Structures are given as structure tokens and as C-alpha cells.
Amino acid sequence: EAGVTQSPRYAVLQEGQAVSFWCDPISGHDTLYWYQQPRDQGPQLLVYFRDEAVIDNSQLPSDRFSAVRPKGTNSTLKIQSAKQGDTATYLCASSYHKNTEVFFGKGTRLTVV
Amino acid sequence: GDSVTQTEGLVTLTEGLPVMLNCTYQTIYSNPFLFWYVQHLNESPRLLLKSFTDNKRTEHQGFHATLHKSSSSFHLQKSSAQLSDSALYYCALSAASSGSWQLIFGSGTQLTVMP
């Protein structure tokens, strides 16, 4: 069974540029999470979906970050006008809502210079 | 809000010695799940073990932890450290919200095992 797939694996941007990250969750998983993991810190939840609906996006910087999951499967996280403080690894994870185990993708390592 | 505290940022010990990584939590929910995730260098976090039951020891891959609701703790232990145990360890809390589970992570403990 394929795991959670993310692309790209790495991205380097200048401040002010935009970037999109893509995530394909495990088949059958209705819940999808996006986490931000700054260097030397634990993952911090940005947003999560149940099917196509946003359940919690309270930690998503709404002025520059957006996330969608239009068909309840794949998801895209977009950063408009990146800042150096956005430098981090962005992890996508998925689960089935009746199970507690969350499976993580390999992440996208973003560097903003 | 809910939170997880890991007091040690870095633990270094010699192979063969016992391991104990501390984890305490705060939550309004009476029945949270507690987890330990392990993250090796350049890899994503992977579930190591989890628990829901008060005062019941859970074990996996030589590690064990017991959820103590009275002290809001879920410390990770191993009797004898191995070189391959060197990794980042995250304690995490999950409670159902709107019918789905979300994980809240601690800041992590970097475990380094020396020969």
C-alpha cells in the first residue's frame, strides 16, 4: 500500500515568491493534515480537513497561506509572498477518522532566502 | 488549550544504559490518546507507541510507556539503549474534535546514543 506522497521534496525561494505543495494521502483516509516543522522544533498543525471540509484552520496564516482539498482526496498548500520565517519542512499526514494513527509523508523542505 | 511538554531537549547517553524521556500534557478532554513518535534524520515522524488506557503499560520495539492520568504523564522508557535508537522523539496528544483526531506535538527530545 502506498504511503502519503508529497511533492516537491525541496524548494528554495526568494522572499516574495509563491510556492505550492501537493499531497496525496493514503487511499481511504478521509482526514488530511498539514503541519509546519521549523528546524529543531516539533510539527505544528496548520490546517486539517475531513473529506473536502476544513475542520480547523485557526493556525494557518490566512493572509499568505491557503489550503484546499476540493474532492476530498489530494490537497494543495500554497504560500503567497513567502517570508524567511516560513523556512521549515511542511509535512502532510492522513488518517481515517475512526482510527487514531496518523501517517506522515516525507515532507517538503522549504528554504526562503 | 491542549499542550504537551517535553522538558529535555537533548539526551545523550551510552549504549546499554536505560532511557527515560519525559512527557507531560494538559487537556480539557478526559479521555485523550497519548503517542510517542520517532523521527530519524531526514525522515518523517513514525508512530512508536500509543495509549488510551490509564495505568496500563504499552510496549513496542523495546520501548514502553504508561499513561498516568493522575499526573498527566506519559514517559517513554527503554531498559537498554542501542545506537540505532538515536533519533528525535516526540510526545503527542490527540483528542477528538469535530469527529476527527488532531495531533498536538511536544517540542521533541533529541536522543543520542554513544558507543
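The values are calculated or read from the model by the stated rules, or taken from the named source; none is laboratory data. What you see is a predicted model; the values in this text were computed from it and never measured. Cβ coordinates were reconstructed from backbone atoms using ideal geometry, including for glycine residues, and neighbour counts include every protein chain displayed.
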Residue selected from the stretch A:1-45 under the condition surrounded by 14 or more Cβ atoms within 10 Å (Cβ to Cβ) and among the aliphatic types (A, V, I, L, M), by the criterion modelled with the lowest pLDDT: A:45
Matching option when the condition is loosely packed, with under 13 Cβ neighbours inside 10 Å and at pLDDT 95 or above, among B:12, B:24, B:66: B:12
Subset of the stretch A:43-73 (residues that are out of contact with any Ser or Thr (no Cβ under 6 Å at 6 or more places or on another chain) and in a strand (DSSP E or B)): A:44, A:45, A:46, A:47, A:48, A:49, A:53, A:54, A:56, A:65, A:66, A:67
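Just to be sure, is residue B:73 among the small types (Gly, Ala, Ser) and away from every other protein chain (no Cβ under 14 Å)?
yes
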Odd one out for residue A:101, checked against (1) under 16 Å from residue B:46 (Cα atoms); (2) buried (at least 17 other Cβ atoms within 10 Å of the Cβ); (3) at the interface with chain B (Cβ under 10 Å from one of its Cβ atoms): (2)
Residues of the stretch A:74-113 satisfying the condition of being among the aromatic types (Phe, Trp, Tyr) and not in a strand (DSSP E or B): A:96
Cross-chain or 6+ apart pairs with Cβ under 6 Å, the stretch B:75-91 first and among the charged types (D, E, K, R), then not in a strand (DSSP E or B): B:78/B:62
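Can you find a residue in the stretch B:77-87 that is surrounded by 15 or more Cβ atoms within 10 Å (Cβ to Cβ), away from chain A (no Cβ under 13 Å), closer than 19 Å to residue B:25 by Cα and at pLDDT 95 or above?
Yes, because at least one residue in the stretch B:77-87 is surrounded by 15 or more Cβ atoms within 10 Å (Cβ to Cβ), away from chain A (no Cβ under 13 Å), closer than 19 Å to residue B:25 by Cα and at pLDDT 95 or above.
The rows are residues; the columns are (1) touching a residue at least 12 places away in the same chain (Cβ under 8 Å); (2) loosely packed, with under 14 Cβ neighbours inside 10 Å; (3) within 14 Å of chain B (Cβ to nearest Cβ).
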| site | (1), (2), (3) |
| --- | --- |
| A:48 | yes, no, yes |
| A:53 | no, yes, yes |
| A:62 | no, yes, no |
| A:66 | yes, no, no |
| A:71 | yes, yes, no |
| A:90 | yes, no, yes |
| A:96 | yes, no, yes |
Scope the stretch B:1-56; condition farther than 18 Å from residue B:107 by Cα and among the acidic types (Asp, Glu); matching residues: B:15, B:54
Positions within the stretch A:19-69 being acidic (Asp, Glu) and at positive phi, in sequence order: A:40, A:51
Strands (runs of 3 or more DSSP E) contained in the stretch B:25-115 and holding at least 2 residues more than 23 Å from residue A:96 (Cβ to Cβ): B:57-60, B:63-66, B:76-78, B:87-97, B:109-114
